[in-house]
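The values are calculated or read from the model by the stated rules, or taken from the named source; none is laboratory data. This one's a predicted model, so the numbers in the text were calculated from it and none came from an experiment. No Cβ is skipped: glycine too gets one built from the backbone with ideal geometry, and neighbour counts run over all protein chains shown. These accessible areas exclude ligands, DNA and RNA; they are computed on the full protein's heavy atoms, side chains included. Shrake-Rupley method; radii C 1.70, N 1.55, O 1.52, S 1.80 Å.
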Amino acid sequence: MDMLTQARDGVVIIDDRNCIVFFNPAAEKLWGYTGAEVMGRNVKCLVPMDIRQDHDAFIAHNRTTGVNRIVGTSREITFESKGGDYVSAEMSISTALIGPENKRYYMAFMKGVTEESHRKKLLDLQNTVFRSLSGDMMIQDVADLVCQGIEDFVPNSVAVLMLVTEDHRLQILSGSGLPRRFGAALEHMTLSDADVAALANDLDEASSIVWESYRSMGISLGLHDCWASAIKAPNGKIAGILALYSRNQHKGADWPKKIVSGAVPFCGVVIEQYEARQHISQLANYDPLTGFLNRSSLHKILKSMISQPGDNRFAVVLMDLDRFRDINDALGHVQGDTFLKAVAERLKTLCRSNYVLSRSGGDDFVVVIPNATAETAVAFVKNVIDAMQRPLNVAGNHLAASFSMGIAVFPENGPDGESLVSCAEIAMRQAKKDARGGYKLANTTESTEAQDRLVLGSALRDSLSKGMLNLHYQPQIEAITGKIYGVEALSRWNHPTLGNIFPSRFIAVAEETGQIEAIGRWSLEKACRQITRWDRDGVRIPVVAVNLSAGHFRNRSLVPMIDGLLKKYNLAPERLTVEITESVMMDESEETMNVLSSIRKLGVGLSMDDFGTGFSSLSRLTRLPLTEIKIDRSFIMNLEHDANAQAVTTAVIGIGNRLGMTVVTEGVETEAQYSLLQALHCDVLQGYLFAKPMSATDLEAWARKPHDFLKTTSENHTQKDE
């Protein structure tokens, strides 16, 4: 025992109750406790804070199973001394059965780790960082790796790597453990010139900037100390700050500060690499003269905007400087560039923050206005015309500038970015030809119709042959029960190069190019096949409604085709509903009437789509073999506030009910509309309140989830009534 007492390494022995029975002077030096302070106490008072709660369970597992995960091994651990300092030591544990009762004791040998070991760890982390930077790892991930490594050196801490931006603001590059409110406060700070000068003179001044001013907030959020250092770039600029926050309530020693100082050099390399990659990205995506997007980046953004779901709209304004060649010839190309920069700055002041600005080359500029109509774009270009009447000062010369501008609007003027820019350019040339300094709207009718017939017509034919169209399905809900009544099948087309094409556009093109019947046949086949798949997978969709155009009902082959599909997929006819348009309703030809009657004789449902939007005749309604009427969404939009809409809706529902037809209302988006339609005894509801149109797979997942629309609506209205 004397040998253990005099050992240079710390020795701790615990008994079968995990209590300390031996604590030599070397251990006292490591932990800062006297033997008298720890003898008889549970050994967990000495272990790292993060495992104290579970430490007894670890030992109990070893005692009962004999599985030695740490006994007989050597590992490095970090713990807190009595004074709050972090101490690293290499620990090895042995165990023995002692005494007549064979009680198991454990003995730990603790060899203090020198500062040289800490330097080695930092060097290992630095090498890991450099290897990561030389590979394909993203800078954000490398920064996270740095902060995680530093936190491993100092337990119960949060490492944060921040950039100092050009406008002297802090931008957190990594710091996932930092409380959100504290991080937001740091990023809202702007360093003064005095702050920057102080950091340049003394890197440790970073602590006063990122801690002293926020100490009270930090303590309230569980942070109790901070060590920080500024990071100076090779050119002398303050590029960033590395901060290490401690969650320990008592003051630690200077080891964390040494860790921060040791990590600053390779953190500087990380920031340098980040800025270099940002610069490369700037060169690849932006015009170096004006800072606007270049042509390729513009088209990427246009493609992204076009691919967004929903009926999104935007305007493209192409602007060509008038007589720019004269300025180049008179003042030279250097001053010509200065003039372009001045024009760009003037243009930037006229644009809102969400506008997209591009210099597509030479003296051409493009402005993309989100959520804009042609009228919005015209108001913008008139503002540009007025603003450009004020001369620009270029090298002492007061120069007037004017644009000839063309406006194209999505989706009217083209299905893709190239088409939109092309249409805007054609309009701009016409404006320049008519009178410089003016604008012209792209000819919507001519450009769109011609382009749709040529481009979309050909692409649609190719997509049909390759099976590139899809059906999406929107649920229909029984108003009284809140249960699913069926789904409406809706054609969707996402072309690999043209992007997402709205149904209203490609259906019109299909009708003009003679492909509409092929789409109808495809839709029927696809819907019938999908019903059987849902049945096979245990998803019960009672009925699927498929839209067909007027041309189908003049074709005698429609009835045998539907009959063949029902037999092919072994479907009961009531599982399928065919939706007809008002143009079919107004067609009083004997041939059309025979086709409609034959469809009903099969047992397939017939639905009158968008009833009330055209020239529907109530007398015709009574003579058609309909099973269902669909009220158009236009009547529902202002149903709560528009007495006329309520009157029409009430009348249609009443007529449908008296004629024994199911009444379906489209476009239901609010619970108030649901309640009102329920009170009017509408049978079936369809709209975004319940679900958007979705793929067959998504609908299957949706149908498997429990839905209680009726309960939700009733509860919400009860709350409102109260």
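Relative contact order (percent) for the chain, with alpha-carbon contacts under 8 angstrom and 6 or more residues of separation? Mind dumping the intermediate values first?
Values: 1189 pairs, mean separation 46.5, N = 722.
Contact order relative to length: 6 percent.
Would you please name the trypsin sites (Lys or Arg not before Pro) within segment 1-67 that are DSSP coil residues with at most 16 other C-beta atoms within 10 Å of their C-beta? It would help to have the intermediate numbers written out before the result.
Values: sites: R8, R17, K29, R41, K44, R52, R63; in loops: R8, R17, R41.
Answer by residue number: R8, R17, R41.
What lysines sit close enough to K466 to cross-link, taking a C-alpha to C-alpha distance under 29 Å and skipping anything fewer than 8 places away on the same chain?
K300, K303, K526, K567, K568, K692
Between G32 and residues 5 or more places away or on another chain, which pairs have amide H atoms under 5 Å apart, with H built 1.01 Å from N, and which residues are they?
K82
Where both residues lie in the chain, what percent of DSSP beta bridges are antiparallel, nearest 5?
Given both bridge residues lie in the chain, the antiparallel proportion sits at roughly 75 percent.
Give the distance, in whole Å, between the Cα centre of segment 30-96 and the Cα centre of segment 181-254.
Segment 30-96 and segment 181-254 have Cα centres separated by 34 Å.
Over the chain, average the accessible area per residue using a 1.4 Å probe and give it in Å², no decimals. Walk me through the numbers before you get to the answer.
Details: 35340 Å² over 722 residues.
On a per-residue basis, the chain sits at 49 Å².
Working out 0.36 nm times the residue gap between N127 and R346, then minus their Cα-Cα distance, what length gain in nm do you get to one decimal?
Values: separation 219, 0.36 × 219 = 78.84 nm, distance 4.86 nm.
Stretched out fully, the N127 to R346 stretch lengthens by 74.0 nm.
Give me, ordered by chain and number, the residues 5 or more places off Y439 or on other chains with an amide H under 5 Å from its own placed amide H.
Correct list: M405.
At a 1.4 Å probe, what is the % contribution of carbon and sulfur to the accessible area of the chain? Intermediate results must be reported in sequence, preceding the final value.
On the way: 18030 of 35340 Å².
After summing per-atom areas, the C and S share lands at 51 percent.
Taking θ = phi - 60°, what integer Hz values does the Karplus form 6.51 cos²θ - 1.76 cosθ + 1.60 yield along segment 30-42, in sequence order, with x for Gly and Pro?
Taking θ as phi minus 60°, the curve returns 5, 8, x, 9, 7, x, 4, 6, 10, 4, x, 8, 5 Hz for segment 30-42.
Tell me which residues come under 5 Å, amide H to amide H, from K232 once H is placed; ignore anything under 5 positions away on its chain.
The list, which skips near neighbours in sequence, is A239.
Starting from the Cα coordinates of segment 122-198, work out the convex hull volume and express it per residue in Å³.
Working: hull volume 9.4 nm³, N = 77.
Per-residue hull volume (Cα only) is 122 Å³.
First measure r as the distance between the Cβ atoms of H188 and K466, then evaluate 1/(1 + (r/R0)^6) with R0 = 51 Å and state the FRET efficiency to the nearest 0.05. Show your work: numbers first, answer last.
Numbers: r = 53 Å, r/R0 = 1.04.
E between H188 and K466, to the nearest 0.05, is 0.45.
Expressed in nm to one decimal, what extension gain is obtained for the pair E511 and K483 from 0.36 nm per residue of sequence separation less their Cα-Cα distance?
Working: separation 28, 0.36 × 28 = 10.08 nm, distance 3.57 nm.
Length gained between E511 and K483: 6.5 nm.
Would you please give the FRET efficiency between T497 and D167, computed as 1/(1 + (r/R0)^6) with r the Cβ-Cβ distance and R0 = 35 Å, to the nearest 0.05? Mind showing how you got there, number by number?
Values: r = 41 Å, r/R0 = 1.16.
Calculated value: 0.30.
How far is it, in nm, from the label point at S353 to the one at R529 when both lie 7 Å from their Cα along the line to the Cβ?
The answer from the label model is 4.9 nm.
Which percent, to the nearest 5, of DSSP beta bridges fully inside segment 276-384 are antiparallel? Mind dumping the intermediate values first?
Details: 13 of 14 bridges.
In segment 276-384, approximately 95 percent of DSSP beta bridges are antiparallel ones.
Points 7 angstrom from Cα along the Cβ direction at S557 and S220: gap in nanometres?
About 7.7 nm separates the two model spin labels.
Taking the Cβ-Cβ separation of S208 and Y105 as r and a Förster radius of 35 Å, what is the calculated FRET efficiency to the nearest 0.05?
Values: r = 51 Å, r/R0 = 1.45.
So the FRET efficiency works out to roughly 0.10.
Taking the simple approach of a point 7 Å from Cα along Cα-to-Cβ for both M3 and L602, what is their distance in nm?
With each label placed 7 Å out from Cα toward Cβ, I get 9.7 nm.
Using only protein heavy atoms and a 1.4 Å probe, report how much of V648 is accessible, in Å² to the nearest 10.
Here the accessible area works out near 60 Å².
Just the ratio, please: alpha-carbon radius of gyration of the chain over 2.2 N^0.38 Å, N its number of residues. The partial results should precede the final answer.
On the way: Rg = 37.5 Å, N = 722, 2.2 N^0.38 = 26.8 Å.
Taking the Cα Rg and dividing by 2.2 N^0.38 Å, one obtains 1.40.
Do the sum for the chain: with -39,500 (n - 2.57) for every DSSP H run of n ≥ 4, divided by all residues, what is the mean residue ellipticity at 222 nm, to the nearest 500 deg cm²/dmol?
On the way: 28 runs with 325 residues, N = 722.
Theoretical 222 nm ellipticity from helices: -14000 deg cm²/dmol.
For segment 347-481, take the convex hull of the Cα atoms, compute a quarter of its surface area, and give me that in nm², please. Intermediate values should be presented prior to the final figure.
On the way: hull surface 54.3 nm².
Over all viewing directions, segment 347-481 projects a mean Cα-hull area of 13.6 nm².
For K257, which lysines qualify as cross-link partners when the Cα separation must be under 18 Å and same-chain residues fewer than eight apart are set aside?
K120, K121, K232
So for S549, S598, what's the accessible-area order with a 1.4 Å probe, most first? Walk me through the numbers before you get to the answer.
On the way: S549 15, S598 40 Å².
Of S549, S598, the descending order of accessible area is S598, S549.
Could you work out how much longer the chain between N570 and K82 gets when fully extended? Use 0.36 nm per residue separation minus the Cα distance between them, nm to one decimal.
Values: separation 488, 0.36 × 488 = 175.68 nm, distance 8.01 nm.
Working it through step by step, the gained length comes to 167.7 nm.
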